[in-house]
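Just below is one structure, and these are the notes that go with it.
Rule-based calculations on the coordinates, nothing more; no lab input. Everything numeric here is computed off the predicted structure, so don't read it as measured data. Positions of Cβ are generated from backbone atoms using ideal geometry, with glycine treated the same way; all protein chains shown enter the neighbour counts.
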Amino acid sequence: MANNKNNQIVNFIRKHPLISNIVLIILTGFLLVWGVMVFLDFWTMHGATAVVPQIKHSTYAQAEAVLKANKLSIEISDSIYDRSMPPGTVVESWPKAGAVVKEGRQVYVTVTAFSPKQVTISMPLSGNVSSRQAMSYLRGIGITDIRVENVPSDFADLVVAARYGDTPLTVGSVIPVTSTVTLSVGSGPVQAVDSIYGFDEDSTMMSGMLDFDEE
C-alpha cells in the first residue's frame with residue numbers, strides 16, 4: 001500500500017512537473033524561514049531577559065560588578081564635574097533601574113569625572129589688576145580656593161603676583177579647578193615710623209640743639 005502511494009506521488013510529479021516544482025520551492029522557502037528564525041532566536045538569546053538593577057550613586061567599579069552579576073554590561077556615555085560627589089560615581093543610568101532587557105544588554109551610565117576639571121587662565125592676574133578683579137575672574141572659571149597675602153608695594157590693592165603652589169600663573173596656564181591660588185596683593189608703600197608721627201631727622205636735631213642752648 002505504501003508502494004502504491006509512492007508510485008502515485010512519482011506519477012504526479014512526472015505528469016505535473018511545474019506544479020511539483022512550485023510546491024518544492026514553497027516547502028524549501030518555509031524550511032529556510034524556519035531555520036533563520038531558529039538561528040536568530042539562538043543568536044539574540046530570545047526569551048532570556050534580565051532586570052536592570054539600581055546602580056545610581058554607586059562607584060563605577062561597583063556598578064560594573066553588579067551589572068555583570070545580572071548578565072549585563074556597562075558603558076560610559078558621559079561624564080560631569082561635581083564636587084559634591086566622589087570621582088567615578090554613577091549619577092544616571094539608561095535603561096533605568098527596573099527595566100526588563102535582554103541578557104547581555106549594555107547599560108549606559110553618566111559618571112562624575114575621574115579627574116578634576118582643568119581650566120585655562122585667559123587673562124593676566126597681576127600688574128594693573130585689582131585683587132577684587134582677580135578674585136572675581138577666578139571664581140568665574142570655577143576656582144574658589146583663593147588665598148591673599150599682603151606684600152609691600154607702591155600700589156595698594158593691586159595684584160603683584162599670582163601662583164599655584166610654587167608655579168607662577170600667567171595667561172595660558174592650565175590648572176585643576178580644585179587648585180589653591182595665592183594672590184600677592186600690594187599693601188601700599190611702607191612709611192617710616194617717624195613720618196607716621198610727623199617727625200623727621202632735621203626736626204629731631206633742631207630739638208636737641210634747643211635743649212643744649214637752654215642748659
Seminar exercise, completed: The answer for the net charge of residues other than Thr178 whose Cβ lies under 15 angstrom from its Cβ, with Lys and Arg +1 and Asp and Glu -1, is +2
Problem set entry | Amide H contacts under 5 Å for Ser173, placed H, 5+ residues apart | Ile121
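Can you compute the charge dipole magnitude of segment 49-112 about its Cα centre, using +1 on each Lys and Arg Cβ and -1 on each Asp and Glu Cβ, nothing else charged? Give it in debye, rounded to the nearest 20.
The dipole of segment 49-112 has a size of about 200 debye.
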For this session: Starting from the Cα-Cα distance between Thr167 and Phe30, subtract it from 0.36 nm times their residue separation and give me the gain in nm to one decimal.
Result: 41.7 nm
Problem set entry | Val148 long-range amide H proximity, modeled H, under 5 Å | Leu183
Seminar exercise, completed: As straight-line cross-link partners of Lys68, the qualifying lysines (C-alpha separation under 26 Å, not fewer than 8 residues apart within one chain) are Lys56, Lys96, Lys102
For this session: Using just the alpha carbons, could you tell me how many Å³ per residue the convex hull of segment 118-186 encloses?
Result: 69
Exercise. With the Cα gyration tensor of segment 49-112 giving a ≥ b ≥ c as the square roots of its eigenvalues, does the rule (a/c under 1.5 for rounded; else a/b larger than b/c for prolate; else oblate) give rounded, prolate or oblate?
Worked result: prolate
Problem set entry | Interchain or long-range residues, amide H under 5 Å from Thr89's placed H | Thr112
